[in-house]
Amino acid sequence: MKTLEVQSLNKFFGRKQALFDVSFDIEPGTILGLIGPNGAGKSTIMKSIVGLTDYNSGSIKIDGKELTKNKRSSLENVGSMIESPAPYLNLTGRQNLKLFNDGSTTAEEMQEIMDETQITEFADRKAKKYSLGMKQRLGIAISLLNHPKLLILDEPMNGLDPQSTHDLRDLLVKLSKRGISILISSHLLDELSRIADYYVVINHGKVIKKSDAKSFLSDGLKNIRIEVSDMDKAMNILSSEGLSPVIYDKKIEISDNDEGTALSQVIELLSQSEVQILDVTRHQEDLEESLLKILSEDNSKEAK
Ligand SMILES: Nc1ncnc2c1ncn2[C@@H]1O[C@H](COP(=O)(O)OP(=O)(O)O)[C@@H](O)[C@H]1O
Ligand SMILES: [Mg+2]
């Protein structure tokens, strides 16, 4: 059974639609990275799941149980930190943890959570004295109380230094290996790139790509970029041969095939038609770049 199923979620703020038919699901013990620029709708999706905001239509199931107005029972197994961590500032970290414990977390488990999130050292200081990163770690610790099956973390790396980000990644991978499912958002792909099993890319409230990590990483990995004397003519020739060229950064870009033979085909076609090739590069796209491209393609579709 899926830990989380989100189906055709629609959400309006007044007349402005913030989510459009958002659908995705999470298998047990996997990490799903929700990726998108600021304002894309990541927090709104997460708030809808945990009942911090209403949605207009769609369905959300946790462990196969549909969320209803009386959402409590289905949220029993969900730990979350959405937007900013909200500890009680006049209480210490330890007091906050005790407060959010529903009674099912033993003292021993509490200590383990504090160690794993590295807050033990300052657990007896008042939360108002915490830096953003310390608050963030306390927020994550709170989300780990009460044996969650599903963790929902909204940009949890915000405010963390590189070492804490690294440690948090390790912790999340460890938790997922224990069978916990994790929905984690970021506007920086790099933060999630070593941990997510699946990606959902969201832009302007719409899911524009869903992919497992492996194909997300290999998508568009091998590209050929050519600069030519006559762009229009070259585009026509290559299109008519079914190579699906696109113009990118004033160059023609073609995805290479698995055998890597597209390049010789391109050179042959263009020289037959007397289009001069000014420059050719094979291009390895990194993840961040391929995401930016997906987003800019989506934005230009939107503008049309
Ligand atoms: N309470 C609100 N009232 C009105 N508009 C909102 C509210 N919360 C979010 N929005 C709008 O919904 C869109 C998605 O926001 P949000 O989910 O916070 O994006 P993200 O978390 O991806 O940065 C944005 O256009 C934002 O301005
Ligand atoms: Mg947000």
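Scanning the stretch 161-174 turns up no residue that is of a type outside the set (Val, Ile, Thr), open to solvent by less than 40 Å² (accessible area, probe 1.4 Å), within 16 Å of Ser84 (Cα to Cα) and in contact with a Leu (Cβ under 9 Å, 6 or more places away or on another chain).
Within the stretch 39-59, residues that are of a type in the set (A, V, I, L, M) reach partners that are part of a loop (DSSP other than H, G, I, E, B) with beta carbons closer than 6 Å, at six or more positions or on different chains, in the pairs Met46/Ile82.
A single member of Leu9, Leu97, Leu19 is under 20 Å from Leu171 (Cβ atoms) and touching a residue at least 40 places away in the same chain (Cβ under 8 Å), and it is Leu97.
Report whether or not Met134 is touching a helix residue (DSSP H, G or I) at 6+ places or on another chain (Cβ under 7 Å) and closer than 14 Å to Thr165 by Cα. For Met134, the condition - touching a helix residue (DSSP H, G or I) at 6+ places or on another chain (Cβ under 7 Å) and closer than 14 Å to Thr165 by Cα - is met. Pairing residues of the stretch 281-294 that are within 16 Å of Asp212 (Cα to Cα) and surrounded by fewer than 18 Cβ atoms within 10 Å (Cβ to Cβ) with residues that are of a type outside the set (Ser, Thr, Tyr) and at pLDDT 70 or above, at Cβ distances under 7 Å and at least 6 apart in sequence or on separate chains, gives Glu288/Leu189; Glu288/Asp190. Exactly one residue out of Ser43, Ser73 is of a type in the set (S, T, N, Q) and at pLDDT below 95: that is Ser73. What's the total number of residues in the stretch 226-245 that are in contact with a strand residue (DSSP E or B) (Cβ under 8 Å, 6 or more places away or on another chain) and among the polar types (S, T, N, Q)? Here the count works out to 2.
The values are calculated or read from the model by the stated rules, or taken from the named source; none is laboratory data. These numbers were taken from a predicted model, which means no experiment stands behind them. Counting neighbours? That spans all protein chains shown, and the Cβs are built from the backbone with ideal geometry, glycine included. Just the protein is used for accessible areas: all its heavy atoms, side chains included, with ligands, DNA and RNA removed. Shrake-Rupley method; radii C 1.70, N 1.55, O 1.52, S 1.80 Å.
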